[in-house]
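Values quoted throughout were computed directly from the atomic coordinates according to the rules given, and no laboratory measurement underlies them. Computed from a predicted model, the values in this text were never measured in an experiment. Note that we place each Cβ from the backbone using ideal geometry, even for glycine, and neighbour counts take in every protein chain shown.
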Amino acid sequence: MKKIQSALVSVYSKDGLEPIIRQLHEFGVKLYSTGGTHAYIQKLEIPVEAVENLTSYPSILDGRVKTLHPKVFGGILARREEEHLAQLRQYEIPEIDLVIVDLYPFEQTVAETDDEAEIIEKIDIGGVSLIRAAAKNYESVVVIPSKEEYPILQKLLEEKQGFTSVKDRHELARRAFKVSSNYDIAIFNYFNEGTADVAFKYSIHRSDILRYGENPHQNGVFFGDFDQIFDKLAGKAISYNNLVDIDAAVQLMREFLQEAPTFAILKHTNACGVATRPTLLEAWQAALACDATSAFGGIFVCNRSLDLATAKEIDELFYEVVIAPDFEPDALTLLSAKKNRILLKIKDYFVRPRSFRSLLNGVVEQDTDLKIETAADLKTVTKKAPTMSEISDLLFANKCCKHLKSNAIALVKNHQLIGMGCGQPSRIDALKQAIAKAQAFGFDLTGAVMASDAFFPFPDCVEIAKGAGITAVVQPGGSIKDQDSVAYCDANGQAMVMTGIRHFRH
């Protein structure tokens, strides 16, 4: 354990600072400060020495240079061993045990003004340098890199009476490098606007350390700005798997934004229940009926404000995440009672136009699959054309199928996903899985439609579909044997449409 005996305080935000300063003074900690922070501490009538007195240099260049001096950084960076301590004594440099910083609000300034001169002045130089120096020397120095860490310091002071352990200091150093890296990324993104380095710009923004990765033995970090997309209203910390499922849910529901009330249930990124109905409650009930077993522990997402009646039924199940454009107050109160369940109010269904994936010793980049087929994209290739009702269901099925892992099949009837097969090594396996699931949950496949994420190289799938009662099929086409499937449909009274668009999802 090491006692804090001296502190340098140089912060932008003073909110929550007063009790810390008073507690440091109570413990006899020597305080150094600059500019507005120095004046703030003086108003508290607590002794504080100006950094200018330590360095013998005033704040110069309109405040651009205040702390960048060996008498400041020497006291922070010195290892507490005799060789370094002797140099401190030789040059009359005091040890600094605690560094409290809150950086200029660069991102806030960018959001509030287009004045480039004002934005540039909000690039903090000295503060970031202080943070990095203190974090580097965490063996001896405590670093508080932003106002978000003020409560952590206050708790440490209250519980340990001015002492800290190396574990405490290591955790604060981790937070410090996160603050400084995010700050640099924000500045980079500002300067990178309009450049060709799209992949790098899209790949990183902010970072959050996750509890763990896909499995507990894997570390995980999220690079992105979660708060830009969601307001997190309740629940535990977001995990790696939550993020992957949430992304899948957003991409799926983006397809139904202009539709009547729609509910979807996802499990391990696959849609296992999707339904559109006149009311949200009916949509929830129909989506749950698709596969009530897989819904356990799932991700729920809808395209309407979540009402109390629907919330009451959702509350009866165990779930990981509920996503909605809004929550009625009573519904929010009810669902928030289960503290670990995550409630997200979605603000933006934005999906990046480019997507990335790490492969081998590099990263592959591609256009995101944002194509949403309409009736105009359906080309009837059989003698029998689908009815208007079937066309509506075919489009619904195509949207669902697009969000299943390949090989994928979606079976739909009356705007309800009644069967799905995904991630299978053959399309026949996917179709058999979809039929088996539909039958297991008591659905009558007579009059249902089928969507496939890719073409049929043989007529076997349409033969199986016919035997199950399926009357219309949508697929991209593109096989040299397309005509074999078309001929079977013609001979057996089925309708088939092709889109020309494949939706593989590996």
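Need one number for the stretch 149-188: average projected area of the convex hull over its C-alpha atoms, nm².
The directionally averaged projection comes out at 2.9 nm².
Which of the pairs Lys232/Lys347; Lys2/Lys30; Lys160/Lys232 have their Cα atoms more than 21 Å apart in this structure?
Lys160/Lys232
Taking the Cα centre of the chain as origin and charging only Cβ (+1 Lys, Arg; -1 Asp, Glu), how large is the dipole, in debye to the nearest 20?
The calculation lands at about 1140 debye.
I need to check one value: relative contact order of the chain, counting alpha carbon pairs closer than 8 Å and at least 6 residues apart, in percent.
After rounding, I find 9 percent.
Dipole magnitude of the stretch 26-183 about its Cα centre, charges +1 at Lys/Arg Cβ and -1 at Asp/Glu Cβ only, in debye to the nearest 20?
In total the dipole reaches around 580 debye.
Can you grab the distance from the C-alpha centre of the stretch 1-38 to the C-alpha centre of the stretch 447-495, Å, no decimals?
Between the Cα centre of the stretch 1-38 and that of the stretch 447-495, the gap is 74 Å.
Which value in Å does the Kirkwood hydrodynamic radius of the stretch 232-346 take, with 1/r averaged over all unlike C-alpha pairs and then inverted?
Final number for the Kirkwood radius of the stretch 232-346 is 13.5 Å.
Explain nothing, just compute: Karplus ³J(HN,Hα) = 6.51 cos²θ - 1.76 cosθ + 1.60, θ = phi - 60°, for every residue of the stretch 468-478 in order, whole Hz, x for Gly and Pro.
Using θ = phi - 60°, the values come out as 8, x, 6, 10, 8, 9, 10, 8, x, x, x Hz.
Along the charge dipole of the chain, pointing to its positive end and built from +1/-1 on Cβ of Lys, Arg, Asp and Glu, which listed residue (Leu77, Thr382, Leu252) has its Cα farthest out?
Projecting each Cα onto the dipole axis, the largest value belongs to Thr382.
How large is the translational diffusion coefficient of the stretch 334-384 in µm² per second when you combine the Kirkwood radius over alpha carbon pairs with Stokes-Einstein at 37 °C and 0.692 mPa s?
After rounding, the answer is 202 µm²/s.
Expressed as a rounded percentage, what relative contact order does the stretch 270-344 have, with Cα pairs under 8 Å and six or more residues apart?
Relative contact order for the stretch 270-344 comes out at 26 percent.
Across bins of 10 angstrom width beginning at 0, how are the C-alpha pair distances of the stretch 375-498 distributed, in whole percent?
Spelled out per bin, shortest first, that is 15, 53, 30, 1.
Between 0 and 90 degrees, rounded to the nearest ten: what's the tilt of helix 240-254 against the longest Cα principal axis of the chain?
Long axis of 240-254 versus the principal axis of the chain: about 50 degrees.
Taking neighbour Cβ counts within 10 Å as the exposure measure, how do Val166, Val99 sort from fewest upward? Before the final figure, lay out each step's value.
Values: Val166 13, Val99 29.
Fewest-to-most Cβ neighbours within 10 Å comes out as Val166, Val99.
Could you tell me the relative contact order of the stretch 238-289? Use alpha-carbon pairs under 8 Å, at least six residues apart, and round to a whole percent.
Values: 67 pairs, mean separation 15.0, N = 52.
Reported as a whole number, the value is 29 percent.
Which cross-chain or sequence-distant (5 or more) residues have an amide H under 5 Å from the amide H of Val65, H modelled 1.01 Å from N in plane?
Residues meeting the amide H criterion: Ile60.
Viscosity 0.692 mPa s, temperature 37 °C: what is the translational diffusion coefficient of the stretch 2-192 from Stokes-Einstein with a Kirkwood Rh over Cα pairs, rounded to a whole number of µm²/s?
Working: Rh = 17.0 Å.
Using the Kirkwood radius from Cα pairs, D works out to 194 µm²/s.
Test of the criteria: in the stretch 337-386, which chymotrypsin sites (Phe, Trp or Tyr not before Pro) are in a DSSP loop and have at most 13 other Cβ atoms within 10 angstrom of their Cβ?
Values: sites: Tyr349, Phe350, Phe356; in loops: Tyr349, Phe350.
Answer in residue order: Phe350.
Using amide H atoms built in the peptide plane, which far-off residues or other-chain residues are under 5 Å from Leu17 H to H?
none
Nearest 10 degrees is fine. How inclined is helix 150-160 to the longest principal axis of the chain, computing both from alpha carbons?
Relative to the chain, helix 150-160 is tipped by roughly 60 degrees.
What angle do you read, to the nearest 10 degrees and between 0 and 90, between the alpha-carbon axis of helix 280-290 and the longest principal axis of the chain?
Compared with the principal axis, the helix lies near 70 degrees.
Could you tell me which residue out of Thr34, Ala295, Pro151 lies farthest along the dipole of the chain toward its positive end? Charges go on the beta carbon: Lys and Arg +1, Asp and Glu -1, centred on the Cα centre.
Projecting each Cα onto the dipole axis, the largest value belongs to Ala295.
Mind checking the dipole of the stretch 248-317: about its Cα centre, +1 per Lys or Arg Cβ, -1 per Asp or Glu Cβ, Debye to the nearest 20?
160
P(r) for the chain: what percent of alpha-carbon pairs falls in each 10 Å bin, starting at zero?
Spelled out per bin, shortest first, that is 4, 16, 21, 18, 15, 11, 8, 5, 2, 0.
Compare the peptides 225-233, 407-415 by average per-residue count of other Cβ atoms within 10 angstrom and give them in order, highest first. Don't skip to the answer; put the middle values down first.
On the way: 225-233: 14.4, 407-415: 25.4.
Result, highest mean first: 407-415, 225-233.
Please give the calculated 222 nm ellipticity per residue for the chain, where each DSSP H segment of at least 4 residues contributes -39500 (n - 2.57) and the sum is spread over every residue; nearest 500 deg cm²/dmol?
Working: 20 runs with 202 residues, N = 506.
-12000 deg cm²/dmol, from helical runs alone.
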